[in-house]
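Peer 1: To start, I am sharing the structure in question, which I have written as structure tokens.
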Amino acid sequence: MKRSLFGRVWPNVTAVVLFIGLVFPVYWMFATAFKPTGDIISENPVWFPTDVTFEHFKTATEADHFWTYVSNSLIVTVCAVVFSLIIALAGSFALARMRFKGRRGFIVGFMLAQMAPWEVMVIAIYMIVRDASMLNSLVPLTLFYMMMILPFTILTLRGFVAAVPKELEESAMVDGCTRVQAFRRVILPLLAPGLMSTSMFGFITAWNELPLVLVVNKEAESQTLPLWLTSFQTVFGDNWGATMAASSLFAIPILILFVYLQRKAVSGLTAGAVKG
Amino acid sequence: MTVQTERPPSGPSDVRKADGGGTGGPRARAASRAGALAPYLLLLPAAAATVLLLGWPLVKDGLLSFQNLNMAQLIQHVTEWTGFDNYKEVLTGEDFWRVTVRSIIFTAVNVVLTMVVGGLIGLLLARLGRAMRFVLMIGLVLAWAMPVVAATTVYQWLFAQRFGVVNWVLDKLGWHSMADFSWTGSQFSTFFVVTVLIVWMSVPFVAINLYAATTTIPDELYEAAALDGAGMWRSFTSVTLPFLRPFLYATTFLEVIWIFKAFVQVYTFNGGGPDRLTEILPVYAYIEGVGNQHYGMGAAIAVLTILILLGLTAYYLRIVLKQEEDEL
């Protein structure tokens, strides 16, 4: 009896400890952002902000070009995700549903593309973008971000398309749908979780991208939030309140998106990688 | 799209009849030829994008790696071919090999920790009650969703020398020499923080996916194992583990790629310092190439980095190749 009680208790205790460890950094970011500076630089940490201040958020948002960075990041990220979803949807349908010569070659090709270490290729990309006279523009950023997420999107969606029973599509076609209609009315709704998880992945990848924008866009008008956040930190240095407020502002869109979508989305992230 | 040609959208049900009638003739043949082309047309945009946006930079990188390209040549748009000079310089230098070994150890340690901790949490999720599972899930999702640039900044603050929470806690726990400890001061402590950061942000993906995979294991398998007299450990090794194997392979593969390329964490936390002692390959390529303006050298390091990554993942890629072969 005693042992079974122990057996029931330890998973819960472990879970609570893990929860605290996982959440604390996120909590501390927000807590610091709302604390007055005196509470931040105190010999003993103030665990719960009692005096709440918005001063740090004011400092962060009033920094030069903040809203330019926000809109640049949003434009680049959303466009990259939408383009890659459209392109990947077509490709993944072919890979999951059709038999043709070279299918395996395409799959392996996309797997290799997924591994591309973009971080080390920035020099080559810089040269290409410069030769095309496109430095300090959002267009190459969007295109390359799209490419960064495309292989993962296509491979994952392939798994989701393959999981939709072929019979559903066939019976829709028997009922008089064209293949495109069958795709739109029968398969597409069933792909919703797959579209969500892949767009989540794409969103976070593009939203975070730093090395490329660091090299390619040197002017503030065409820079994005990750760059702002890292340069903000060098400017504000030990002003942790402002830095944490800036980090919070950067993290909030993704946190909301994840918590909102997590149930639908997390189930299938490896589905594509495992089986197609 | 082009698939439409396969079935002309005429009347609803008579389409089938027309097809069933087997008119044969040129129309059907044209349709089947279009059908054979369809997959290629569907894949065309993706393939074109890959060739243009990934293939071209790769080729460009390869070309640059054979050039003497520094700031002067860059500004004057001069191309100076130097053959294998860059490779010779990189491969005969000590730095590259030291960074390579460091990168591989770094990747191995982080991937193993992530997989073990993540796997255990995944199994724990399966054992928890609903309420507790929900709580832990929220924690995982929050840590997972934290954008890496913001997460790195937060870790800098957590591990700050002055007023950082970690130093305060260690001091209170009786480790007084840690009260003013500078985590960015040494190679080991920098890697320690980066490892905590990476494991913290990578574990959720592994845990949630493995948990999702365990929920798909049919109960009958466990019942059968129990009937055969298998204990908990036995049923774990003979039912759970084999079932999870493909998921484990796939997530390990992704983690190897992601962690090997952990540029932002390392670069933002300490810039590869102190004394360039925490540079991993992507950071090394960036600092040599962009930072020190040896662009040709940087390109050569990039090529070598790609080859090393291919080597690290070759095993998994071979499995996938075989799997796809069996399918067709």
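Peer 1: Being among the β-branched types (V, I, T), farther than 27 Å from A:L261 by Cβ, at pLDDT below 85 and surrounded by fewer than 16 Cβ atoms within 10 Å (Cβ to Cβ) is the requirement here; does A:V108 meet it? Give the steps one after another, and end with the answer.
Peer 2: Details: among the β-branched types (V, I, T): yes; farther than 27 Å from A:L261 by Cβ: yes; at pLDDT below 85: no; surrounded by fewer than 16 Cβ atoms within 10 Å (Cβ to Cβ): yes.
Taking the combined requirement at face value, the residue does not satisfy it.
Peer 1: Does A:Y27 count as surrounded by fewer than 16 Cβ atoms within 10 Å (Cβ to Cβ) and among the hydroxyl-bearing types (S, T, Y)? Before the answer, list the steps.
Peer 2: Working: surrounded by fewer than 16 Cβ atoms within 10 Å (Cβ to Cβ): yes; among the hydroxyl-bearing types (S, T, Y): yes.
Here the answer is yes, as A:Y27 does meet what is asked.
Peer 1: Give the residues of the range B:55-86 that are surrounded by 18 or more Cβ atoms within 10 Å (Cβ to Cβ) and more than 11 Å from chain A (Cβ to nearest Cβ), sorted by residue number.
Peer 2: Passing the criteria: B:F66, B:N68, B:N86.
Peer 1: Also, quick follow-up: Got at least one residue in the range B:171-189 being within 30 Å of A:D131 (Cβ to Cβ), more than 21 Å from the chain's Cα centre (by Cα) and surrounded by 15 or more Cβ atoms within 10 Å (Cβ to Cβ)? Step through it out loud before you land on a result.
Peer 2: At the first step, the residues of the range B:171-189 found to be within 30 Å of A:D131 (Cβ to Cβ) are none.
Within the range B:171-189 (the criterion being within 30 Å of A:D131 (Cβ to Cβ), more than 21 Å from the chain's Cα centre (by Cα) and surrounded by 15 or more Cβ atoms within 10 Å (Cβ to Cβ)), the answer is no, since none of the residues qualifies.
Peer 1: Residues that are buried (at least 20 other Cβ atoms within 10 Å of the Cβ) and not hydrophobic (A, V, I, L, M, F, W, C): which helices (runs of 4 or more DSSP H) entirely in the range A:165-220 hold 3 or more of them?
Peer 2: On the way: elements: A:166-174, A:179-182, A:192-208, A:211-216.
Where helices (runs of 4 or more DSSP H) fall fully within the range A:165-220 and carry at least 3 residues being buried (at least 20 other Cβ atoms within 10 Å of the Cβ) and not hydrophobic (A, V, I, L, M, F, W, C), they are A:192-208.
Peer 1: When only residues in the range B:193-222 that are of a type in the set (V, I, T) and farther than 25 Å from B:Y155 by Cα count, which is farthest from the chain's Cα centre (by Cα)? Give the derivation first.
Peer 2: Filtering the range B:193-222 for residues of a type in the set (V, I, T) gives B:193-196, B:198-199, B:203, B:206, B:208, B:214-217.
If we keep only those that are farther than 25 Å from B:Y155 by Cα too, we end up with B:214-217.
Values: B:T214: 22, B:T215: 24, B:T216: 25, B:I217: 26 Å.
Here the residue is B:I217.
Peer 1: Name the one entry in A:L261, A:L257, A:L227 that is in a helix (DSSP H, G or I), within 21 Å of A:F203 (Cα to Cα) and at pLDDT 85 or above.
Peer 2: Numbers: A:L261 fails: at pLDDT 85 or above; A:L257 fails: at pLDDT 85 or above.
Being in a helix (DSSP H, G or I), within 21 Å of A:F203 (Cα to Cα) and at pLDDT 85 or above holds for just one of A:L261, A:L257, A:L227, which is A:L227.
Peer 1: List every residue pair whose Cβ atoms lie under 6 Å apart, where the two residues are 6 or more positions apart in sequence or sit on different chains, the first residue falls within the range A:225-254 and is at negative phi, and the second residue, located anywhere, is surrounded by fewer than 19 Cβ atoms within 10 Å (Cβ to Cβ) and part of a helix (DSSP H, G or I).
Peer 2: If the second residue must be surrounded by fewer than 19 Cβ atoms within 10 Å (Cβ to Cβ) and part of a helix (DSSP H, G or I), the pairs left are A:G241/A:T37; A:A242/A:T59; A:A242/A:F236; A:T243/A:F236; A:A245/A:F57; A:S248/A:F30.
Peer 1: With the requirement that a residue be more than 9 Å from chain A (Cβ to nearest Cβ) and surrounded by fewer than 21 Cβ atoms within 10 Å (Cβ to Cβ), what does the range B:121-150 give you?
Peer 2: B:L123, B:A126, B:R130, B:A131, B:F134
Peer 1: Does B:I259 count as farther than 30 Å from B:L69 by Cα, of a type in the set (A, V, I, L, M) and in the same structural domain as B:V101 (by TED's automatic domain parsing)?
Peer 2: Working: farther than 30 Å from B:L69 by Cα: no; of a type in the set (A, V, I, L, M): yes; in the same structural domain as B:V101 (by TED's automatic domain parsing): yes.
For B:I259, the condition - farther than 30 Å from B:L69 by Cα, of a type in the set (A, V, I, L, M) and in the same structural domain as B:V101 (by TED's automatic domain parsing) - is not met.
Peer 1: Can you tell me which residue in the range B:149-163 is farthest from B:F191 (Cα to Cα), limited to those that are in contact (Cβ under 8 Å) with a residue 12 or more places away in the chain and over 29 Å from the mean Cα position of the chain (by Cα)?
Peer 2: Selected residue: B:R162.
The values are calculated or read from the model by the stated rules, or taken from the named source; none is laboratory data. In this text, all values refer to a predicted model and were calculated from it rather than measured experimentally. As a convention, Cβ positions derive from the backbone with ideal geometry for all residues, glycine included, and neighbour counts pool all protein chains shown.
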